[in-house]
Amino acid sequence: MRIYADTSVFGGAFDEEFAEPTKKFFSEIDAGRFTIVTSAIVEAEIEPAPQKIRDFFARYEAIAEIAQVTQEMLLLQQQYIKSGVVTPKSAEDALHVAIATVTQCNLIVSWNFKHIVHFDKIPKYNTVNTVNGYGQIGIYSPLEVINYDNDDS
């Protein structure tokens, strides 16, 4: 399963609220459950982050597929904006979804609940994808994709 991880997921490993499920998500990548895909956009967004986040990203960058932004992705991003899924102010969020869609990821994971992982936005992203000849993409937080099989609860 190919999963696109946006910038928020890497930073989530060091956020008190998101650290536990984020680290579990990355342990499942380490175990080979998922193939991680990220992008040149994430690389650029991580660059000014604290050193611990850059180091964490570098660990996974070494095994990730790094998608370069293409004209096709930029056109899909513009369709999200034109269709009102997000405003131009959230263009980079739309670009993450476009990258994941064009690179044929099964899922995108994000801690961005305002512009990506949002009950109102997800069907709109997928409507634009369908209208433009792409498949639908699952959009989830890392909490929703980690394996709970070993839990007693």
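All of the numbers you see were taken from the coordinates with simple rules; none came from a lab. The shown structure was predicted, so the numbers you read here are calculated from the model rather than taken from an experiment. Note that each Cβ is placed from the backbone with ideal geometry, even for glycine, and that neighbours are counted across all protein chains shown.
A few notes on this one:
- Residue count for region 1-18 under the criterion of being aliphatic (A, V, I, L, M), in contact with a helix residue (DSSP H, G or I) (Cβ under 7 Å, 6 or more places away or on another chain) and more than 19 Å from A94 (Cα to Cα): the result is 1.
- Residues in region 1-22 that are farther than 18 Å from I66 by Cβ, surrounded by 16 or more Cβ atoms within 10 Å (Cβ to Cβ) and not aliphatic (A, V, I, L, M): 4 in all.
- Selected residue [touching a Pro at 6+ places or on another chain (Cβ under 9 Å) and buried (at least 16 other Cβ atoms within 10 Å of the Cβ)] from L143, L107: L143
- Residue count for region 132-148 satisfying the condition of being under 18 Å from I116 (Cα atoms) and outside any helix (DSSP H, G or I): 9.
- Strands (runs of 3 or more DSSP E) wholly inside region 1-119 that include at least 3 residues being β-branched (V, I, T): 35-39
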